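Here is the structure we will look at.
The values are calculated or read from the model by the stated rules, or taken from the named source; none is laboratory data. Computed from a prediction, not measured in an experiment: that's the story for all the values here. Using ideal geometry, Cβ is built from the backbone for each residue, glycine included, and neighbour counts are taken over all protein chains shown. Heavy atoms of the whole protein, side chains included, go into the accessibility calculation; ligands, DNA and RNA do not. Shrake-Rupley method; radii C 1.70, N 1.55, O 1.52, S 1.80 Å.
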Amino acid sequence: MATEDVLRRLDEALGLIERYAPHHFRRLRRDFSRILVQRYACRGAFFPTDRTCMVELTFTVNRDFSTAQIAATILVLALVLFYVAPLLLIVVSGVAILVAALVLNYFPRG
């Protein structure tokens, strides 16, 4: 696998996003700190601790997969970050509030 092939396919995928979903392309620059291409157990992943978008290496260079499929993988990761992560935060916050209320009712002050 030549580095040039990896970079070309990734560039083509990002170009598709820029052309057909410019709003999401602009968000990618803000929401992802970097795009990492490496071997991994799935096609793509998002690592929230450092805001890394990871695209799997063999998926990226395999000609059986189109650049549109690579672009879709990146977009899915971005959309999950944008739409699902805030909902998870709300759910987690809601659970924390519920637990606090239960604890306060179970161990009343005074």
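Averaged per residue, what accessible area in Å² does region 1-80 show with a 1.4 Å probe, protein chains only? Walk me through the numbers on the way to the answer.
Details: 4840 Å² over 80 residues.
Solvent-accessible surface per residue comes out at 60 Å².
Report the local net charge at Gly15: Lys and Arg +1, Asp and Glu -1, summed over other residues whose C-beta lies under 11 Å from its C-beta.
On the way: positive: Arg8, Arg9, Arg19; negative: Asp11, Glu12, Glu18.
Summing Lys and Arg as +1 and Asp and Glu as -1 gives 0.
Local charge sum around Val61 (other residues, Cβ-Cβ under 9 Å, Lys/Arg +1, Asp/Glu -1)?
That works out to +1.
Starting from the 7 Å offset along Cα-to-Cβ, what nm value, one decimal, do you get for the label separation of Leu79 and Glu12?
2.3 nm
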